[in-house]
Amino acid sequence: MATVTSGDGTRIAFEQMGSGPALVLVDGASGFRRLGPMRSLAGHLAGRFTVVIYDRRGRGESGDTPPYAVERELEDLAAVIAASGGSAFVHGFSSGAALALLGAAAGLPISMLSLLEPPIDLHHRWRESGPEAEHDLAAEIEELVAAGRRDEAVEHFHTSIGAPPEMVAGIRQDPFFPMLTAIAHTLAYDLRMTSAVSHTTLRSVTVPALVVGSTSSDDRMNMWAADVAAALPLGRHVILKGEWHGVPATVLAPALAGFFAGGAAND
């Protein structure tokens, strides 16, 4: 593990594995180096890339400097990219995909993007989705955390985003549940991150972008991924075999490697 200092002085923990062009992986809600899909994905990609995984602020071994602002997370990502050689491919999962999009739109040195099911409802087809709903849910999460009800905040978040009922029902029995409750406050960060993405954001992303959906995700997520890909100037949409809101590393890694390899060959 190494650390880098972000623009506001917050220490961000990261690690690298493999060799080749730099590829930074950006976690979604509740994910960090010890929890979530990125370590497995990194292992499958390390034969062709220098893969970088990091703890977003407020998680794992990274610090957290209040008050929260989306701009601070952009600075964190910029610092990680700088420490990884100055430019990088970036893959983002869920709300991490929103962070990756905002970073590319802001001009961070991102040469290509891949995005796994960004939860961005551009056309507000689902009544309870969109920036206003995300803002309301973020406020509800913050209220629960402030009241010391972190376990309820985790459950409320997963119920509200449409996680399958059996997943929500079993979440308290998950051995990782204490880790989830410890970083429950960051769920509001992810919601504010996602609501910051707009049509203007997407039109500003001028690098090639692969938007990935899963065969087992619900209609909302499949439509959101397709809409984001269509709105990006150089977007491409693919659907891979996977579970609800996820694609196994054994399936996802070859698709990402092939996509990024095309860009590396042209560098």
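Coordinate-derived values only; no laboratory data. Since this is a predicted model, take the numbers as computed values, not measurements. Quick reminder, even Gly has a Cβ in these numbers, built from the backbone with ideal geometry, and neighbours come from all protein chains shown.
Here are the numbers:
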read-out	value
Rg over Rh [alpha-carbon atoms, Kirkwood Rh] for segment 131-189	0.96
Helix runs (DSSP H) in the chain reaching 24 Å along axis by Cα, Kyte-Doolittle at least 1.0	249-266
Rounded to 5, percent antiparallel among DSSP beta bridges of the chain	30
FRET efficiency estimate (nearest 0.05) - Cβ-Cβ, residue 207 to residue 5, R0 22 angstrom	0.25
For segment 188-257 and segment 46-75, distance of Cα centres in Å	20
Label of the coordinate-derived value, Rg and Dmax of the Cα atoms in Å, listed as (i) 20.3, 66; (ii) 18.7, 60; (iii) 17.0, 53	(iii)
Likely footprinting exposure, 77, 115, fewest C-beta neighbours within 10 Å first	77, 115
The chain, helix-only ellipticity at 222 nm - DSSP H runs n ≥ 4, -39,500 (n - 2.57), divided by all residues, nearest 500	-13000 deg cm²/dmol
Extension gain (nm, one decimal) between residue 40 and residue 82, 0.36 nm per residue minus Cα-Cα	12.8 nm
Net charge contributed by nearby residues that have their C-beta within less than 13 Å of residue 67 (K/R +1, D/E -1)	-2
